[in-house]
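The values are calculated or read from the model by the stated rules, or taken from the named source; none is laboratory data. Given the structure is predicted, the values throughout are model-derived calculations rather than measurements. Cβ coordinates were reconstructed from backbone atoms using ideal geometry, including for glycine residues, and neighbour counts include every protein chain displayed. Heads up: the accessible areas ignore ligands, DNA and RNA and are worked out on the full protein's heavy atoms, side chains in. Shrake-Rupley method; radii C 1.70, N 1.55, O 1.52, S 1.80 Å.
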Amino acid sequence: MARRTALARRNTKGGAKKSERLPQQKYRLALDNASDHIVITDPNGKVVFANKAVERVTGYSVREVVGKKAGKLWGGQMGQDFYKKLWHTIKKRKKVFRGELVNRRKNGELYTAQATISPVLNGKSEVLFFIGVERDITESKKYLNKIRAHAEQLKKGKARTDALNQELEKFRVALEHTSDHVTIINPRGAIVYANQAVKRITGYSKEEVMGKKPGDLWGRELGQSFYSGIWETITKDKKPFQGEVVNRRKNGELYEARVTIVPVLDEEERILFFIRTESDVSDLKKYARRLEEGKALDDALLLSIVDGILVTDMTGKIIFVNEALNTLTGLAPRELIGYNLYETIPLYFANGTRVPKDTRPIYIALNAAIHKQKPVFDTDTCYVLNRETGRKIPLDIRAAPFLLHKKIHGAVAVWRDITRIVEMDRAKNEFISFASHQLRTPLTSVRLAIDMLMHSDPLAKDQEKYLRIARSGVREMIDIIESLLNISRIQMGTLVVNPEPVSLSKFIDKILQEMALPLRKKQVSVKRTYAKDIPLLNIDQRLMKIVLENLISNAVKFSPPKSIIAIDISKNGDEVLIGISDMGIGIPKDQQPKIFERLFRAHPEVKGTGIGLYMVKMAVEQYGGRVWFESPSSRAFPNHRPNKSQKNQGTTFYVTIPLRGMETRDKKRGTPFYASGEI
């Protein structure tokens, strides 16, 4: 009995424990089958329980997570500060956290979770444990983002639709106010839209053209085959048509039009409609015909001019030549048009050297055009070789930039054949040379006779005075005759050139010694600046003396009393540069282009013949040098620049001598370019 009672008690106690475990098993079963990932952690965050969903959501098994901290397994993706705040919320403040977390699964994949972490407290408000519930919302988040993106696209689509409608309205307004006649035509060829220009161009109102075919209204003037070809192009080939047509207005008047017809297709290449635009070009065509007639007349005039006409663009490329220029050069238009002038048609000086590009008239004109000047340029006689005959033709060339609508487009040059003038000039030079030779002998005799009389028995004062005047006059005549002979020799190519090594500084000093009297008479001093690196130069002393003596005597002649003449010698590349400066009145701007012309005198009040500088230029060109000047000249006043109000502006003449020196030339080799058979 006692044993039975003990057994009954044991069964009763066991039943009570079993009945207690039953709800716990139900709760655990419920937690394990929950779709959300649920974990319970101790107050330090270490997992003491995890349901089965942990493996589905995180990839970790229950066994792998129990005893570990959740943050070490799938957390730690949102930054240290975030987790500090979260821990402060649930541990310190003992409040529930709700929010989205970004975690990392065991396989490294990130996922988004909707999480709730609740602290469970005892009666003393101490944390017993935490319950964390986590729902994987990665897919729903993606879907939500897609929905939001789609909504944004719909919003943008509506905005685009509104914008398109606005643009269409602008397009319609633009079509209505365009000057071209625009129609929209259905696939059967009937007009379904026409803008306001239809009335102005065709004479038909919009109401009159709607539903009609253009050919029944204003077309049919060019023949059925022409219009059939257009229809085949736009309907069968489905290509745009562009061309000019002749139409008839409502009042019967014909007009010319430029037409474009474009087929508009759907996605299946079916024609939806045609857009037809038409511009009335009747007045434009009439104007073009008048221009063509005018151009033909201009071309006829240019072609009939006996002088050669040549036009280049801004780069020096030939764009027009007339027949006379073809005759001068012996080149056909196809050999000239589109080619560079300098490379295609070389020009030569009388001594056979090629004219440099920057000194050719048309390039000077183009250079002036860059500075928006409009001068006409002239040049000394130069020669062109006729490729057909081999003849060297002397030319007088004038060039100027040409303008169209106030814009410079290039330059035009006129080439005049001056063979007859050169031949006449040559004959004149031969006569001058002959006459000078004939005059020099008796004048020399007269001078000797005067000298003998002046050194004979004592003369009366009046006799001596008149003999001195006569001797001075004879000396001037001999100087003029000698200058004329030198010019004739240079022009005719008979000047013999015998270069020899010469010290240029000593050579100039010798000339200055010979001019000591006029220098002393005007109390003019000479400032010499000679570079020390100038070698001996092979020069013809007589030819060089013609150049330097004329330039120095001019400097003395135009220098005010008690002033300074500066003479400089320096190297300039492959040349020696000589500068001769005076403090004189200078050369007026309007007279500077003529300064090297024969018999020209810038200051007629000053005694002179007008042939000195002309002879200098010819002599310098004879040996292959260069000569130029500047006035006003700051070089003449080393201590200050002359101002415009100052009377004396100063002048500096520059002369160059090639470092290689002059070439030997006897009478035979001295034959000028125009008489020789060689270039």
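Which residue is most open to solvent (accessible area, probe 1.4 Å), if the candidates are limited to the stretch 167-204 and must be of a type in the set (Asp, Glu) and in contact with a helix residue (DSSP H, G or I) (Cβ under 9 Å, 6 or more places away or on another chain)? Only one residue tops the list, namely Asp180. The lone criterion from (1) surrounded by fewer than 17 Cβ atoms within 10 Å (Cβ to Cβ); (2) of a type outside the set (Asp, Glu); (3) under 17 Å from Ile185 (Cα atoms) left unmet by Gly223 is number (3). If the condition is being in contact with a Gly (Cβ under 9 Å, 6 or more places away or on another chain), among the aromatic types (Phe, Trp, Tyr) and open to solvent by less than 80 Å² (accessible area, probe 1.4 Å), then the stretch 68-96 contributes Trp74, Tyr83. Just one of the numbered conditions (1) surrounded by 13 or more Cβ atoms within 10 Å (Cβ to Cβ); (2) without any contact (Cβ under 8 Å) to a residue 24 or more places away in the chain is not true of Thr235: (2).
For the stretch 301-342, a residue qualifies if it is loosely packed, with under 13 Cβ neighbours inside 10 Å, assigned to a helix (DSSP H, G or I) and over 34 Å from the mean Cα position of the chain (by Cα), and the qualifying residues are Leu301, Ser304. Every condition in (1) modelled with pLDDT under 70; (2) more than 53 Å from the chain's Cα centre (by Cα) holds for Leu517 except the one numbered (1). Within the stretch 549-585, if we keep just the residues that are among the hydroxyl-bearing types (Ser, Thr, Tyr) and assigned to a loop (DSSP other than H, G, I, E, B), the residue that is surrounded by the fewest Cβ atoms within 10 Å (Cβ to Cβ) turns out to be Ser563. Among the residues of the stretch 494-514 satisfying the criterion of being part of a loop (DSSP other than H, G, I, E, B) and under 24 Å from Glu575 (Cα atoms), which is modelled with the highest pLDDT? By that ranking, first place goes to Ser503. Annotation note: Cβ proximity below 7 Å between a residue of the stretch 320-335 that is closer than 14 Å to Pro394 by Cα and a residue that is among the acidic types (Asp, Glu) and buried (at least 16 other Cβ atoms within 10 Å of the Cβ) (sequence gap 6+ or interchain) occurs for Leu328/Asp417.
Residues of the stretch 527-548 that are within 24 Å of Met615 (Cα to Cα) and either part of a strand (DSSP E or B) or at pLDDT below 90 (or both): Leu537, Asn538, Ile539, Asp540, Gln541, Arg542, Leu543, Met544, Lys545, Ile546, Val547. Please verify whether the stretch 475-486 includes one or more residues that are at pLDDT 65 or above, in a helix (DSSP H, G or I) and open to solvent by 80 Å² or more (accessible area, probe 1.4 Å). Yes, the stretch 475-486 contains a residue that is at pLDDT 65 or above, in a helix (DSSP H, G or I) and open to solvent by 80 Å² or more (accessible area, probe 1.4 Å). For the stretch 247-259, filtered to residues that are of a type outside the set (S, T, N, Q) and surrounded by fewer than 14 Cβ atoms within 10 Å (Cβ to Cβ), the residue that is nearest to Tyr287 (Cα to Cα) is Leu254. Somewhere in the stretch 30-39, is a residue modelled with pLDDT under 85 and open to solvent by 100 Å² or more (accessible area, probe 1.4 Å)? Within the stretch 30-39, one or more residues are modelled with pLDDT under 85 and open to solvent by 100 Å² or more (accessible area, probe 1.4 Å).
Scanning the stretch 516-526 for residues that are part of a helix (DSSP H, G or I) and surrounded by 11 or more Cβ atoms within 10 Å (Cβ to Cβ) gives Pro518, Leu519, Lys522.
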